[in-house]
Every structure is written in C-alpha cells, then in structure tokens.
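Encoded as structure tokens, the structure appears first; notes follow it.
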Amino acid sequence: MENGIAQIAVFAAFLYSVVLHEVAHGYVAEQKGDSTARYAGRLTLNPIRHLDPVGSFLLPLVMFFTGGPIFGWAKPVPYNPNLMRDRRWDPLKVMAAGPGTNIALAIVVGVFLRLLLATGVAPAIMVQILAMVVYLNLILAVFNLIPIPPFDGRFLLGLFSPVLMFRAEI
C-alpha cells in the first residue's frame with residue numbers, strides 16, 4: 001500500500017481493532033460479575049488507555065526501522081476470575097471475547113466491502129483499506145488464539161488440564 005493516507009487509515013483501523021479487542025475482554029468480564037476493568041478505567045475506546053510503552057511504541061518502531069514484520073501489543077485488560085459467577089467457564093468466555101470481536105469486525109467490514117464491490121462504485125483505495133482491515137482482524141484473532149501464554153489462547157490449555165489453567169490478566 002503505497003498511498004500514505006491509506007497507510008494511516010489502515011493503522012487507525014488496526015489501532016481501534018486492538019482497542020475493541022481489549023474492551024471486549026473487559027465488557028464480558030463485567031457481564032460475568034467482575035468490574036475490575038471498569039475500575040481500572042479500561043472500558044473505554046480511548047486508545048491512550050490501552051497503549052503499552054514497549055509493545056505499542058518501542059517494538060513496532062524498532063521492527064519498522066529494521067525492516068522486520070511490525071509486531072506489538074496493547075496493555076492487557078485486568079480481570080479477577082474470583083469475582084466471576086462461574087470460575088471455570090467465565091474466564092474462557094472473557095478470553096473468547098477478544099478474538100470473537102476481531103472475527104465479527106472482519107465479517108462486518110468484509111460484508112460492507114462486498115456490498116461496495118457489488119455496486120461498482122468503490123474507489124480502489126477504499127477497497128484496499130477495507131480488505132486490509134479484514135485481513136488484519138483475522139490475523140489478530142488467529143494470532144491471539146495461539147495456546148501459549150501470554151496469548152488469549154492460553155485458556156484453551158486449561159480446558160484439557162486444570163493444572164495448566166493460566167488465570168492472569170487478559
């Protein structure tokens with residue numbers, strides 16, 4: 001994507017995809033009885049509340065200037081599984097909320113893109129941006145489902161062995 005405006009638009013969409021991912025964790029945790037994320041001020045769409053100095057700035061800049069794949073992360077949303085009504089399954093639902101949000105965003109943007117393409121009035125740059133948003137959200141969802149800490153998928157290990165259940169921040 002050579003157009004600077006398109007790159008900025010994709011970056012902004014990616015930033016909000018990550019923010020929505022994190023807010024979804026906190027929202028589901030609150031629905032399950034834990035208001036830790038609300039008390040920490042993390043149930044907000046303000047990206048500044050979710051940025052991690054190392055994962056959101058330092059590492060992506062280093063990767064950009066060294067020519068590597070750009071990689072980063074947001075601050076995890078805190079939650080307390082002891083405050084949830086169902087301590088076995090509610091943390092799994094909280095974990096699934098982030099990747100589920102990314103999949104839902106990919107579907108919604110993908111359907112919108114298909115509708116634009118069907119009308120034949122979609123500018124090429126808009127098609128590029130929307131296609132990249134779909135792609136990035138699917139990558140975020142799949143990447144976060146890797147079943148090793150610190151990824152959201154670490155909870156999948158706990159389904160098979162209570163000893164391996166990692167109950168830390170999401």
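The values are calculated or read from the model by the stated rules, or taken from the named source; none is laboratory data. Just so it is clear, the model here is predicted, and its values are computed rather than measured. Neighbour counts are summed over all protein chains in view; Cβ atoms, including those assigned to glycine, are modelled from backbone coordinates with ideal geometry. For accessibility, only protein heavy atoms count, side chains too; no ligands or nucleic acids. Shrake-Rupley method; radii C 1.70, N 1.55, O 1.52, S 1.80 Å.
Report the gain in length on full extension from ALA12 to ILE125: 0.36 nm times residue separation, minus Cα-Cα distance, nm rounded to one decimal. Don't jump to the answer; show the numbers that get you there.
Numbers: separation 113, 0.36 × 113 = 40.68 nm, distance 1.51 nm.
Working it through step by step, the gained length comes to 39.2 nm.
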Practice prompt. May I have the extent of the alpha carbons of the range 1-125 along their three principal axes, as whole Å values ordered from largest to smallest?
Written response: 50, 39, 22
Item to complete: Quick one: go through the range 22-46 and flag any residue whose amide nitrogen is under 14 Å from the point 7 Å out along the Cα-to-Cβ line of ASN80.
Response: 30, 33-41
Practice prompt. List every DSSP H helix in the chain whose Cα atoms extend 20 Å or more along the helix's own long axis and whose mean Kyte-Doolittle hydropathy is at least -1.0.
Written response: 4-31, 90-119, 124-144
Discussion item. Tell me which chymotrypsin sites (Phe, Trp or Tyr not before Pro) from the range 23-87 have a DSSP coil assignment and no more than 14 other beta carbons within 10 Å of their own.
Written reply: PHE71
Item to complete: Express the accessible area of the range 1-128 per residue in Å², computed with a 1.4 Å probe while the remaining protein chains stay in the model.
Response: 58 Å²
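For a quick check of your reading of the filter: which GluC sites (Glu not before Pro) in the range 1-94 sit in a DSSP loop and have no more than 10 other Cβ atoms within 10 Å?
On the way: sites: GLU2, GLU22, GLU30; in loops: GLU2.
Hits after loop and neighbour filter: GLU2.
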